[in-house]
Amino acid sequence: MPSRTQHTYVLVHGAWHDGRVWSRVAALLTAAGHRVLAPSLSGHGDKAHLLGPRIGLTTHIDDVVDLVLDQDLDDVVLVGHSYAGMVVSGVANRIPKRVARLVYVDAMVPVHGESAVDVMPLTQALIDGAAATAEPWRIPPLPELPAPYGLFGVTDPDDVAWLRTMLTDESVLCFQQPVQLDDPAQALIPRTHVLCVGDEPPGVTRRPVPPTQPNGEPSRVHELRSGHDCMITRPGELADLLLLHP
């Protein structure tokens, strides 16, 4: 593969998931000649044993920053799904010179000082529900809903069974900690937004993408007809979009 055309993708999973959720997309990007890393955040996957009340958004930002620095990655296409929009935003603020592009996949897109609760207020209901339990810091994965909504938008029985193997609880602190976006350099990073449309559960609304990016360029927004976990249900289409704006 020609090194001049190779890009490095760091794919960051959303709340409750782990890095394996990206395996189908990662395989396609790798086959196209690119380097792909899809880590599991603290409390998930091979780091599930770390889950506890002190795991928060800052922990997850540290996870990705440490990966990029330890691997000495540059010109990274940093992709965040769902809650990981908070994570990749924070990473870009910490190491903006390492990030070539931010891609928000059906993701939370914060401004400086916002938490996940600020971006998506319905998250507060999950925190309130946890508060009434014996472990008020722990939020279990969202339940499976009747078709066409399924489990995070996944309805195929085999895919649902596979997805269940990677779902673990999330710490309340992940949704409460604010993200810092105070380095002007992070605002210069180009951004792409991928919105999953067509099967949104009732009551779930997303913040509109502004017409202009923070760097002054027109926003790049793509719609993908898919449930929320499009990396499982539409891996080919998502990979194509990730390759479109490397």
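The values are calculated or read from the model by the stated rules, or taken from the named source; none is laboratory data. These numbers were taken from a predicted model, which means no experiment stands behind them. For neighbour counting, all protein chains shown are included, and Cβ atoms are generated from backbone atoms with ideal geometry for every residue, glycine included. Note: areas computed on protein heavy atoms with side chains; ligands, DNA, RNA excluded. Shrake-Rupley method; radii C 1.70, N 1.55, O 1.52, S 1.80 Å.
In the stretch 1-19, which residue that is assigned to a loop (DSSP other than H, G, I, E, B) and open to solvent by 60 Å² or more (accessible area, probe 1.4 Å) is modelled with the lowest pLDDT?
Met1
Which one of Ala100, Ala31 is within 21 Å of Leu188 (Cα to Cα), modelled with pLDDT of 95 or more, out of contact with any helix residue (DSSP H, G or I) (no Cβ under 8 Å at 6 or more places or on another chain) and not β-branched (Val, Ile, Thr)?
Ala100
Each row is one residue, and each column tells you yes or no for (1) of a type in the set (D, E, K, R); (2) in contact (Cβ under 8 Å) with a residue 60 or more places away in the chain.
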site	(1), (2)
Ser89	no, yes
Pro96	no, yes
Pro110	no, yes
Val117	no, no
Asp128	yes, no
Ala134	no, no
Leu142	no, yes
Pro146	no, no
Thr155	no, yes
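What's the total number of residues in the stretch 52-92 that are in a helix (DSSP H, G or I) and open to solvent by less than 20 Å² (accessible area, probe 1.4 Å)?
Total satisfying the criteria: 15.
Going by the conditions given, is Gly43 touching a Ser or Thr at 6+ places or on another chain (Cβ under 8 Å) and crowded, with 24+ Cβ neighbours inside 10 Å?
yes
Just the residues that are under 23 Å from Ile127 (Cα atoms) and touching an Asp or Glu at 6+ places or on another chain (Cβ under 6 Å), please, taken from the stretch 151-177.
The answer is Leu151, Phe152, Gly153, Met166.
Go through the stretch 1-42 and give me each residue that's of a type in the set (Lys, Arg) and over 16 Å from the mean Cα position of the chain (by Cα).
Answer for the stretch 1-42, where residues must be of a type in the set (Lys, Arg) and over 16 Å from the mean Cα position of the chain (by Cα): Arg4, Arg35.
Out of the residues in the stretch 115-128 that are open to solvent by 40 Å² or more (accessible area, probe 1.4 Å) and in a helix (DSSP H, G or I), state the one that is farthest from Arg164 (Cα to Cα).
That would be Asp118.
Residue check: is Gly113 under 28 Å from Ala92 (Cβ atoms) and of a type outside the set (S, T, N, Q)?
In short, yes.
Please enumerate the residues belonging to the stretch 20-39 that are touching a strand residue (DSSP E or B) at 6+ places or on another chain (Cβ under 8 Å) and open to solvent by 10 Å² or more (accessible area, probe 1.4 Å).
Listed by number, the residues that qualify are Ala26, Thr30, His34, Arg35, Val36, Leu37, Ala38, Pro39.
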